[in-house]
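> Below you'll find the structure I mean.
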Amino acid sequence: MRHLIDFGDLERREWDELYARADRIINCPEAYLDTCRGKVSCNLFYEPSTRTNFSFQTAMLRLGGSVFGFADPKSSSVSKGETLKDTIKMVSGYADVIVMRTPWEGAAKAASLYSDVPVVNAGDGGHMHPTQTTADLTTITRLRGSVDGMSIGLCGDLKNGRTVHSLIKALAKFQNIRFFLIAPRALAIPEYLRQFMRAHDMPFVEVTGLEPVIPQLDVLYMTRIQRERFADPQEYERNKGIYVLTRAKLGRARENLLVMHPLPRVDEISVDVDDDPRAVYFQQARFGMFARMALLADLANQPRLDPGPVEIGRSPVCHNPSCITQTERYLPPLVKQNGGVDCCAFCDAPL
């Protein structure tokens, strides 16, 4: 792979190779101390982050490389009106790989059009978060031996949860996965993901209750209600705290259930769950560092490539107000198909 923008773009073979490398790093990290010696990562975090930012920094340092960037765009020329294109063209002249998180859906895809070095999507608004998916799949595979054949419950804000969106895309590459999509109707998965799951014969049921389906699950993936994605504060107030996993509720769950969470949590997992052996979300965060080490070991060592000229857009074809094309209007009008539906190639919104 040249960039990691959407986990769905990876072939199963590429994921197997990436996991095999992560597994070797977990088992023998000292063998990788010089893998990125002399390489530099530029981390551009336009949104707050703890785990993703720290784990990417730590991953590069553990590989022998170095890191620069910002965790607040107000400290950069972005605050002066610099375009995404110009920021990327500039920093790709300094770095060997770019890791970026933004509130704009499709921003990493846009960056990849102009970068001389690989771009990693560390979260683009409510759209995708593919490196969290590498953490998730590494966790399941390390702890259960395989991802195939799982019954997986995804619970919480499935509308805005980019970690959930990426995980669904990734699980299309595995066999016999059954989904329970647990969310209030207002926070159900986007329609393009329903189309994707149907097109890839991924069986799913949508329910609003958590407790009735817990006994059927191999993996319960909890997510927080994402306050920052709500335009209407009252809508957030109506939905917050709707799902809370407690030790008592786990009494009906399987003994080998994996309780996962991309973190941070707010109130959706009670602290009395933390000491249950089925709660693996802190292990999940550590596995994420190793998965990102495996990714950077590949991407940071790729040669520089001139991306070539890019068509100049005149007006966006996408009407999603969170899409990067709404602010960076020079971007080309790229279109792709999801389940037979024309969608924006940046944010996946139907056109």
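> Going Cα to Cα from Lys85, which lysines come in below 29 Å? Please leave out same-chain ones fewer than 8 positions away.
Lys39, Lys74, Lys109, Lys159, Lys169, Lys336
> While we're looking at this one, here's another question. Kirkwood-based Rg over Rh for the chain (C-alpha set), two decimals?
Using Cα coordinates only, the ratio equals 0.95.
> I've got another one for you. Mind giving me the FRET efficiency for Asp267 and Asp306? R0 is 56 Å, r the Cβ-Cβ distance, nearest 0.05 is fine.
Efficiency, rounded to the nearest 0.05: 0.70.
> Something else now. When the chain is treated as a GNM, springs tying every alpha-carbon pair under 10 Å, which of Met202, Met128, Met289 comes out with the largest mean-square fluctuation?
Met202
> If you don't mind, there's one more thing I want to ask. On a 0 to 90 degree scale, rounded to 10, what angle separates helix 12-27 from the longest Cα axis of the chain?
Roughly 80 degrees between the two axes.
> Can you tell me the alpha carbon radius of gyration of segment 153-214 divided by the globular rule-of-thumb value 2.2 N^0.38 Å?
1.03
> Provide the solvent-accessible area of His129, counting protein heavy atoms only and rolling a 1.4 Å probe, rounded to the nearest 10 Å².
Here the residue's solvent-accessible area equals roughly 10 Å².
> Calculate, for segment 120-201, the solvent-accessible area per residue in square angstrom, rolling a 1.4 angstrom probe over the heavy atoms of the protein chains.
So segment 120-201 comes to 26 Å² accessible per residue, rounded to a whole number.
> For Val244, what accessible area in Å² do you get when you roll a 1.4 Å probe over the heavy atoms of the protein chains, rounding to the nearest 10?
Accessible area of Val244: about 40 Å².
> If you stretched the chain out fully between Phe68 and Glu30, how much longer would it get, using 0.36 nm times the residue separation minus the C-alpha to C-alpha distance?
11.3 nm
> Tell me which cysteines of the chain come out unpaired when the rule is another cysteine's Cβ under 4.7 Å.
Cys28, Cys36, Cys42, Cys155, Cys343
> Using the alpha-carbon atoms, what tilt in degrees (0 to 90, nearest 10) does helix 130-144 show relative to the longest principal axis of the chain?
That helix lies at roughly 40 degrees to the long axis.
> If you don't mind, another one. From the P(r) of segment 253-351, could you give the percentage of C-alpha pairs in the tail past 15 Å?
I get 76 percent for the Cα pairs in segment 253-351 exceeding 15 Å.
> Can you say what percent of the DSSP beta bridges in the chain, counting only those with both residues inside, are antiparallel? Round to 5.
That works out to approximately 15 percent antiparallel.
> Could you check which residue among Asp306, Asp274, Asp218 shows the biggest mean-square fluctuation in a GNM of the chain with a 10 Å Cα cutoff?
Ranking Asp306, Asp274, Asp218 by mean-square fluctuation puts Asp306 first.
> For Arg265, tell me the accessible area in Å² from a 1.4 Å probe, rounded to the nearest 10.
Rounded to the nearest 10, the figure is 60 Å².
> Along the charge dipole of the chain, Cβ charges K/R +1 and D/E -1, which of Gly288, Pro333, Pro321 sits furthest on the positive end?
Value computed over the given set: Gly288.
> How big is segment 91-174 by Rg and Dmax over its Cα atoms, in Å?
That works out to 14.7, 45 Å for Rg and Dmax.
> Can you tell me which aspartates and glutamates have their Cα less than 14 Å from the Cα of Lys89? Leave out same-chain residues fewer than eight positions away.
Cross-link targets: Asp116, Asp306.
> Then there's this: So, counting K/R as plus one and D/E as minus one, what does the shell of residues with Cβ under 10 Å around Ser151 add up to?
Working: positive: Arg178, Arg254; negative: Asp218.
After counting each charged neighbour, the total is +1.
The values are calculated or read from the model by the stated rules, or taken from the named source; none is laboratory data. On a predicted model such as this, the values are computed, not experimentally measured, just so you know. Here the Cβ is made from the backbone with ideal geometry for all residues, glycine too, and neighbour counts use every protein chain on show. Keep in mind that these areas ignore ligands, DNA and RNA; they rest on the heavy atoms of the full protein, side chains included. Shrake-Rupley method; radii C 1.70, N 1.55, O 1.52, S 1.80 Å.
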